[in-house]
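Here the structure is laid out as structure tokens; the discussion comes afterwards.
The values are calculated or read from the model by the stated rules, or taken from the named source; none is laboratory data. Predicted, not measured: the structure shown is a model, and the values here were computed from it. Cβ coordinates were reconstructed from backbone atoms using ideal geometry, including for glycine residues, and neighbour counts include every protein chain displayed.
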Amino acid sequence: MNAAPWIEAASRAIAQATGQPFHPAHGTGVSGGSISEASVWTGKDGRRFFIKRSHSDHRLMFEAEAAGLQELAQCRALRTPQVVTIADSPEGCVLVLEHLALGGRRDERALGLGVAALHAITAKSFGWTMDNFIGRTAQLNPWSQDWPDFYRHYRLAHQRELAEKRGASRSLLDAVARLEQETRGFFTDHHPQPSLLHGDLWGGNWGFLAQGVPVVFDPAVYFGDREADIAMMELFGHPGADFFAAYGERLPLNPEYPVRRELYNLYHILNHFNLFGGSYAVQAERMARGLLAELG
């Protein structure tokens, strides 16, 4: 491994955080990330760390990710990588995490019980202690007592405003704006508690250790309606029937969840349009118009 300045800075930070000198022997790149370069470092002493490297102006993203992982660690039924340190160098910043060997037995039931345990952690208000990020997009988390209002302002309207700047069609923007005004209609008989959410729980952000122990990572944490996490799990990937059976034993889903699933996933589809463009605009408009039709 070449001793580039950022590697030296990260190695010093690891040594300071762990109390043991760290000398990397080799690193292996990890695919799948679109924001940061990811790799696994193995030290000469055999210790391994998961490394995420990005531009210096992404430090706030790493700080938010670290804070989110520490918040999720309250849930002992779900494993999260421990945060080791964040290092800075002229070549960018580095987030150092505990390395967890994923790819183990898929235990959907354990995942369902774990996510239910996560959602059983509640707060007095919706939001979080800080704003964070959903992908590269800022996610706003001011404290609020009113969930429909929170979702309307800080999820739908925020993404719509970004979509307008990105050049979205007037028909898409108008459909989402109309939906914002009708958001409360999806909550006439649904009054969620502020549950601790992972926030970005698509299929690429959870996995299993060797014995089937479920692991979650790359969070966009806040306190919100637990249905929003479940909806995201069905948007990109699917946790399976055993997951839903186990989750429902602890926290049954409301019969109207499938309708709100579309409402919650619209946020992520709009975000994908804002990040990647393309056909996500068509999908978002179709979802928005379908939701408006549900309300008659």
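Points to keep in mind about this one:
- Options Thr129, Thr80: the member that is surrounded by fewer than 19 Cβ atoms within 10 Å (Cβ to Cβ) and closer than 24 Å to Tyr264 by Cβ: Thr129
- Residue match in segment 27-47 (condition: part of a helix (DSSP H, G or I), of a type in the set (Lys, Arg) and over 20 Å from the mean Cα position of the chain (by Cα)): no
- Segment 60-152 holds strands (runs of 3 or more DSSP E) entirely within its bounds, and those carrying 1 or more residues that are aliphatic (A, V, I, L, M) and outside the structural domain of His191 (by TED's automatic domain parsing) map to 83-89, 92-98.
- Yes/no for Gly237 being in a loop (DSSP other than H, G, I, E, B), within 23 Å of the chain's Cα centre (by Cα), loosely packed, with under 15 Cβ neighbours inside 10 Å and outside the structural domain of Ile51 (by TED's automatic domain parsing): yes
- Segment 177-196, residues that are under 24 Å from the mean Cα position of the chain (by Cα) and not hydrophobic (A, V, I, L, M, F, W, C): Glu180, Thr183, His190, His191, Pro192, Gln193, Pro194, Ser195
- Qualifying residues in segment 210-227 (those that are touching a strand residue (DSSP E or B) at 6+ places or on another chain (Cβ under 6 Å) and more than 15 Å from Cys75 (Cβ to Cβ)) - the one surrounded by the most Cβ atoms within 10 Å (Cβ to Cβ): Gly224
- Looking across segment 5-22, the residues that are under 16 Å from His55 (Cα atoms) and in contact (Cβ under 8 Å) with a residue 24 or more places away in the chain come down to Pro5, Trp6, Ala9, Ala10.
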